[in-house]
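Visitor: What follows is a single structure, and I will ask about it in a moment.
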Amino acid sequence: MQMIEKIFESLEKFLDKFFGKQIEFLDNVLIKSFKYRYEEPTSGIVAIFSSPERILLAAKKAKEKGYTGFDCFTPFPIHGLEHAMGHERSRLPYLTFFAGLLGLLTAIFLQYNAHENLIPYTITRLIDAYPNLNSYPLNYGGKPTFSWPAMIPICFELTVLFGALGTVTGLFLLSRMPKTSRVPVHEAVTDDKFAIWIPASSNNYNAEEIKTLFQELGAEEIKVVG
């Protein structure tokens, strides 16, 4: 496992060295487009709570105090937590829609080209996987070469495929996965504890005020990171 982590760390350093500006540009695009992107809890204050009700209240109070960029870490999804944190509805479904639309158009184009020879054979003969791809159109019983009802299954399949792949890709980019070297804010967060992290870059950041707030809310543990 340590060897795998070292490999990924080396890969990250290599990519940052050669594609640092491009990655920074992509990050800015993602932030503006989706209004949310996972940030590593490298500096700030982390408070540990023992129940979903307490982490919900902590998130709500943090939002009321005007703290920005904070995040919550829970061992299972908590209904309403994103609203308590002040997040709007996720824009990821828009990415799913446009990726699915691209899949639909791709399916229509591929099938139309196969039946109507939209792209001349002189262009595709070097990349065609099967020689008979350009043997169409075949006219059976006077039927049209491009009969769209027969194309519906392929259109459906590629719409679902592109939509699913686009959604997963977008989720991975926003969550900054995979990252094997990621360290959890607390070892019990993946078990039965709930954590909230206020970054040092947050608006209205004051370490003592934040500690006092979380103590009043019943935090079991409060620690400063970074």
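Visitor: Among the residues of the stretch 50-106, how many are part of a helix (DSSP H, G or I) and among the acidic types (Asp, Glu)?
Guide: Going through the stretch 50-106 one residue at a time, the tally reaches 3.
Visitor: OK, next. For the stretch 132-166: of the residues being more than 34 Å from the chain's Cα centre (by Cα) and among the hydrophobic types (A, V, I, L, M, F, W, C), which is modelled with the lowest pLDDT?
Guide: Among those residues, the one meeting the criterion is Leu133.
The values are calculated or read from the model by the stated rules, or taken from the named source; none is laboratory data. Source: prediction; values computed, not measured.
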